[in-house]
1. What's the total number of residues in the stretch B:319-352 that are touching a helix residue (DSSP H, G or I) at 6+ places or on another chain (Cβ under 7 Å) and on the phi > 0 side of the Ramachandran plot?
2. Restricting attention to the stretch B:106-133, and to residues there that are closer than 30 Å to B:A164 by Cβ and aromatic (F, W, Y), which single residue is farthest from the other protein chains (Cβ to nearest Cβ)?
3. Taking B:I198, is it closer than 30 Å to B:A86 by Cα, at pLDDT 95 or above and surrounded by 18 or more Cβ atoms within 10 Å (Cβ to Cβ)?
4. Answer with yes or no whether B:V365 is surrounded by fewer than 24 Cβ atoms within 10 Å (Cβ to Cβ) and under 26 Å from B:A48 (Cβ atoms).
5. List every residue pair whose Cβ atoms lie under 9 Å apart, where the two residues are 6 or more positions apart in sequence or sit on different chains, the first residue falls within the stretch A:66-87 and is closer than 17 Å to A:Q35 by Cα, and the second residue, located anywhere, is of a type in the set (G, A, S) and assigned to a helix (DSSP H, G or I).
6. How many residues are within 22 Å of B:I73 (Cβ to Cβ) and either out of contact with any strand residue (DSSP E or B) (no Cβ under 8 Å at 6 or more places or on another chain) or outside any loop (DSSP other than H, G, I, E, B) (or both) if we restrict to the stretch B:220-237?
7. Determine whether the stretch B:210-219 contains at least one residue that is surrounded by fewer than 24 Cβ atoms within 10 Å (Cβ to Cβ) and assigned to a strand (DSSP E or B).
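The values are calculated or read from the model by the stated rules, or taken from the named source; none is laboratory data. The structure displayed is predicted, hence computed values, not measured ones. A quick note on method: Cβ atoms are made from the backbone with ideal geometry, for glycine too, and the neighbour counts reach across all protein chains shown.
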Amino acid sequence: MTNEECKKVVLDIIADIAPDEDLSNVKPDVRLRDQLQLDSMDFLDIVMELRKRHGIEVPEADYIRLASLDSSAEYLTPKFNALAAKS
Amino acid sequence: MTLSRIVITGVGLTAPNGNSLQEFRRNLLGGVAGIEWLDVRYMGRLLAGVCHFDPLRHQKKKEVRVGTRAGSISIWCAREALADSALGFEAFPKDRIGIYIGCTEHGNVETENEIFAISKFNYDTKYWSHYHNPRTVANNPAGEASLNLGITGPAYTIGAACAAGNLGLIHASQMLRLGEVDVAICGGVSESIHTFGIFAGFKSQGALATNDVPARASRPFDRARNGIVVSEGGCLYTLERLDDALARGARIYGEIAGYGVNSDASDYVLPNPIRQAECVRKSIAHAGLVPADIHIVNTHATATPLGDIQECEAIRAVFGSGCPDTYINNTKSFIGHCMGAAGALELAGNLPSFDDLMVHPTINVDDLDPACALPGLVLNTPAKAARIDTILNNSFGMLGINSTLIVRRFVA
């Protein structure tokens, strides 16, 4: 998985948990909370959906790594690739 | 102490056969029921009353996703009731508005959904939703309405089984009289059709209706009745003190005339006609009336073989044969049993009688059970009355909670 593919995975999740938001122009380097109506429960949703849909665990100490699309991809892409290598 | 007079100045509702008072009333007078087939988890196709309002009229998609069905029903009804009352809500002090919503139960839907969801993950609770607690707290339906509307006054639910809809109005009247709030949004809601447990429970109890034709399934007082049709729904009213309503020139649907609430203290499930009659008598005395003054008795009857007979026994004991101007009807024959919403919805279905002098019937009575024969029972087609000044609304619930509410035509 590339970083860009990983961002798409995260955006697909956000599309479901924040269905009123326009996601056509999300800036990858800007904090998601600064450009979208997302609260702490929504971030827990992102963590839950990564777990349910993709088997990816994000420990609480790492939640901050999901702040922006860029930081999410940087953090999650190796996890996706490690998981793919195992299977 | 002189108690303030309390009046109804707005109605917001969703019923299986209508999403406004006008549509609901038209269908009650036109004999149009609202029962359909519903796929219920683990159980298959069952009869149910389903509401078809559009939640996105008053909620964002995210609110619908995060919230509950009972929350959506509450928000719909609250916003429709406020709009109907022409209160000038935007400018009204939000801390002076109370929300009091009756519920039969709350939380079963979300709990069942979560257990089903984690069953797909070998019951690993790390997949349990972080929304479970806010969705299942007992105040959820009222709390969601307060969030959506920005109402900062008291907002909570009243658990009173299927008597809850009336209790919402009664409690709101008390809070208005105490001066706790200036406007009350009150009534009842139910999301129960989204839990299999309520269907399974009634089925195990031998009290779940079956019929090949959905519209014919809910048949109180008919000899062939065979149980309850479970329905969802909601009805919330805007209530105000009369002086406030008059000062702003509000339209007044009717006045809270009196009420009675008591408990059977005799059985978990079985009704008690002696206590029911006592509750009805209390309400009539509270209103300063006598039985012959009551023009419509809207029954609670749910179409269970025994329950209907027992309520008829209670009504017979109070009204006997000396009340020639008293009509008796039943709304569940159209919409099934809307549980916590039942009392509030069934009252709404009758309120327009003050204006049109029509009494909606009890439908689906092909063969009247002689044990349910009552003078004034309106069967299958509407009746035209000479005058309708009072409506008495019965709602009873499990664990023996009884409520009777009387609304009278407003006369200054």
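1. 1
2. Looking at the filtered set, the residue picked out is B:F116.
3. So B:I198 fails the test.
4. yes
5. A:L66/A:S72
6. Total satisfying the criteria: 8.
7. First, the residues of the stretch B:210-219 that are surrounded by fewer than 24 Cβ atoms within 10 Å (Cβ to Cβ): B:210-216.
If we keep only those that are assigned to a strand (DSSP E or B) as well, we get none.
No, the stretch B:210-219 contains no residue that is surrounded by fewer than 24 Cβ atoms within 10 Å (Cβ to Cβ) and assigned to a strand (DSSP E or B).
A quick yes/no check of all residues on (1) more than 11 Å from chain B (Cβ to nearest Cβ); (2) under 14 Å from B:K62 (Cβ atoms); (3) outside any helix (DSSP H, G or I); (4) at pLDDT 95 or above:
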| site | (1), (2), (3), (4) |
| --- | --- |
| A:K27 | yes, no, yes, yes |
| A:R33 | yes, no, no, yes |
| A:D45 | no, yes, no, yes |
| A:R51 | no, no, no, yes |
| A:V58 | yes, no, yes, yes |
| A:A61 | yes, no, no, yes |
| A:I64 | yes, no, no, yes |
